[in-house]
Amino acid sequence: MKNLLVFALLGALATVAVAADQLTTTVDVGWYSKYLWRGFDLMDNKAVVTPSIDFDFGNGFNFNIWSAQPGSSGGNSFSTVNATEFDYTLSYKNIIWEDGCLRTDYKVGYRFYDFTDMASNDADMQELFMELAWPNMMGNGFTPRYAYYHMWNSEGNGLVRKASGPIHALGLDYVWTFEQAPELPMKLSADLVYNDGTGNGTVDHDWSHVVWGLSTSIEALGGKITPGVWYQNSMEDTVNTEDELWSGISYSISF
């Protein structure tokens, strides 16, 4: 099942590539002191390395391969030995009502979560998603956002058979620059997340967490360096019992 899905994605990629106006490839590698995914601390306070490669076909279609590689083997109470993750995402983005205050930037797609060192029926998931942003609605550097994710397990039986369900995220970005350093755009972000039972069989249907972020981007070494820091207020113990603070930095280059 897993191999058939990967081949299907690659076939869709090849089809899109034929119609593409211009291909842009971006290679990225990041390091983060923790791996927080939609509120869950997947590495139990351990660091993670995140290499990825992204293909933008210039016509709205995009294919991305992203990986989470454990930065250590874990501690006495938790092992990350089998936690290596590969995500395959096929998406389409575009804009509607481009010139008005209701301009909507949207992105829709499909993502497959592949935990390569674990049995597919016990770990692998997939999802359909929709991400919306309204950059002209508020102005002055503010952009409200909304995202919807619907997950389900990759196979009928296994440990993640009850992990299916939707997640809603309400977000707001604020971007500004300092007069003394206009080449360093700053972004402050906030995301409020409602988990509708997604993650395992015990997750409650409730507002689960808020994530606050501060980041910037620096053009250097022929690419872009993006450092950031994030803080999570955890509100639902079935998702995360602790508030979280973590930092990270990534380097990307496009050609």
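At-a-glance table
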item: Complete set of residues in segment 162-186 that are assigned to a strand (DSSP E or B), more than 19 Å from ALA147 (Cα to Cα) and touching a strand residue (DSSP E or B) at 6+ places or on another chain (Cβ under 9 Å); result: VAL175, TRP176, THR177, PHE178, GLU183, LEU184, PRO185, MET186
item: Matching option when the condition is closer than 23 Å to SER33 by Cβ, surrounded by fewer than 16 Cβ atoms within 10 Å (Cβ to Cβ) and among the charged types (D, E, K, R), among ASP237, ASP173, ASP191, ASP204; result: ASP237
item: Segment 11-46, residues that are at pLDDT below 95, crowded, with 16+ Cβ neighbours inside 10 Å and closer than 21 Å to TYR113 by Cβ; result: LEU13, LEU42, MET43, LYS46
item: Test for GLU131: is it exposed (fewer than 15 other Cβ atoms within 10 Å of the Cβ), touching a strand residue (DSSP E or B) at 6+ places or on another chain (Cβ under 9 Å) and either on the phi < 0 side of the Ramachandran plot or among the small types (Gly, Ala, Ser) (or both); result: no
item: Pair list, Cβ under 6 Å, 6 or more apart: segment 240-255 residue at pLDDT below 95, other residue assigned to a strand (DSSP E or B); result: PHE255/THR25
item: Every residue from segment 88-112 that is charged (D, E, K, R) and over 21 Å from SER164 (Cβ atoms); result: LYS93, GLU98, ASP99, ARG103, ASP105, LYS107
item: For PRO135: the one exception among (1) assigned to a loop (DSSP other than H, G, I, E, B); (2) modelled with pLDDT under 95; (3) touching an Asp or Glu at 6+ places or on another chain (Cβ under 7 Å); result: (2)
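The values are calculated or read from the model by the stated rules, or taken from the named source; none is laboratory data. If you're wondering where the values come from, they're calculated on a predicted model, not measured in any experiment. We place every Cβ from the backbone using ideal geometry, glycine too, and count neighbours over all the protein chains shown.
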